[in-house]
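S.K.: One structure is given below, represented as structure tokens, and several questions about it will come after.
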Amino acid sequence: MWRITVTILLVAESAAAQHSYRVHMDHVNRSPHTEESRVLLGIKGSYASVHEGEREQGGGAGIFAETTLIHGWLELELSAQLLRIGGEAWEVPIDLLLKKPFCFGDFIQAYVGIGPAVAVVVAESERETLVGGLIAVGAYLWVTPRFGWDVEVNYAVFGRAQEPVHDITVSVGPAFRI
């Protein structure tokens with residue numbers, strides 16, 4: 001008889017723990033703010049470090065637009081930047097990211113993303129188009145339900161016949177839910 005009682009208690013405890021975990025994960029993946037708007041627009045100021053044989057640094061600014069594909073689970077971001085690299089070249093990276101959001105309360109929404117990237121590089125009279133991939137890690141820090149700050153670090157690698165080009169970019173800027 002005592003074995004049946006212990007088994008029933010263990011099963012009940014396990015079911016309660018699974019329910020608690022599901023409720024917690026649902027909260028982590030669903031911010032109340034995302035239900036208000038499916039579109040984000042933003043501006044980013046960026047610092048970039050480009051490695052193609054030797055390291056060059058630069059900075060610039062860009063814009064982005066994001067939409068929710070699956071509420072709480074998948075977002076799509078399109079961004080473009082204009083970067084001055086090494087004082088000699090202009091780079092225009094354009095990327096399309098699939099992002100997985102992680103909401104921690106009402107104010108912090110972290111994310112990881114992956115996707116394709118294209119960069120147009122213009123140096124003096126030469127122009128080159130590079131194709132590659134990008135991974136990103138970042139977070140939105142929401143000050144109000146409609147305004148926040150986006151902080152992101154991304155790594156992109158672009159294919160080139162001579163050697164690959166590696167970009168590491170740190171970006172910060174305002175984000176607006178519309």
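S.K.: Which whole-number value in Å² is the accessible area per residue of the stretch 100-178, probe 1.4 Å? The partial results should precede the final answer.
M.R.: On the way: 4070 Å² over 79 residues.
With the other protein chains kept in place, the stretch 100-178 gives 52 Å² per residue.
S.K.: Assuming R0 = 41 Å, what is the FRET efficiency of residue 71 and residue 168, from their Cβ-Cβ distance, to the nearest 0.05?
M.R.: 0.85
S.K.: At residue 108 and residue 161, where each label point lies 7 Å from the Cα along Cα→Cβ, what is the point-to-point distance in nanometres?
M.R.: 4.8 nm
S.K.: Next up: Would you mind checking which residues have amide H under 5 Å from residue 175's amide H? H placed 1.01 Å from N; only 5 or more apart, or other chain.
M.R.: Long-range HN contacts for residue 175: 148, 149, 150.
S.K.: Kindly state, to the nearest 0.05, the FRET efficiency for residue 126 paired with residue 78, given R0 = 22 Å and r defined as their beta-carbon distance.
M.R.: 0.25
S.K.: Run through the stretch 89-178 and list the GluC sites (Glu not before Pro) located in a DSSP loop whose Cβ has at most 13 other Cβ atoms within 10 Å.
M.R.: When the GluC sites (Glu not before Pro) of the stretch 89-178 are filtered for loop state and at most 13 Cβ neighbours within 10 Å, 124 remain.
S.K.: Quote the accessible area belonging to residue 46 in square angstrom, nearest 10, computed with a 1.4 Å probe and with ligands, DNA and RNA left uncounted.
M.R.: Its accessible surface works out to 20 Å², give or take rounding.
S.K.: 5 Å is the cut-off here: which amide hydrogens, built 1.01 Å from N in the peptide plane, fall below it relative to residue 160, excluding neighbours closer than 5 in sequence?
M.R.: It is 165, by chain and number.
S.K.: Take every Cα pair under 8 Å in the stretch 46-85 that's 6+ residues apart, average their separations, divide by the length, and report that relative contact order as a whole percent.
M.R.: Relative contact order for the stretch 46-85 comes out at 41 percent.
S.K.: Choose one of 122, 157, 110: the residue whose Cα lies farthest towards the positive end of the charge dipole of the stretch 107-178 (beta-carbon charges +1 Lys, Arg; -1 Asp, Glu; about the Cα centre).
M.R.: Positive-end residue among those listed: 110.
The values are calculated or read from the model by the stated rules, or taken from the named source; none is laboratory data. Remember, predicted model here, so these are calculated numbers, not experimental data. Because the Cβ atoms are built from the backbone with ideal geometry, glycine has one as well, and the counts that use them run over all protein chains shown. Side chains are part of the model used for accessible areas, which takes the heavy atoms of the whole protein and leaves out ligands, DNA and RNA. Shrake-Rupley method; radii C 1.70, N 1.55, O 1.52, S 1.80 Å.
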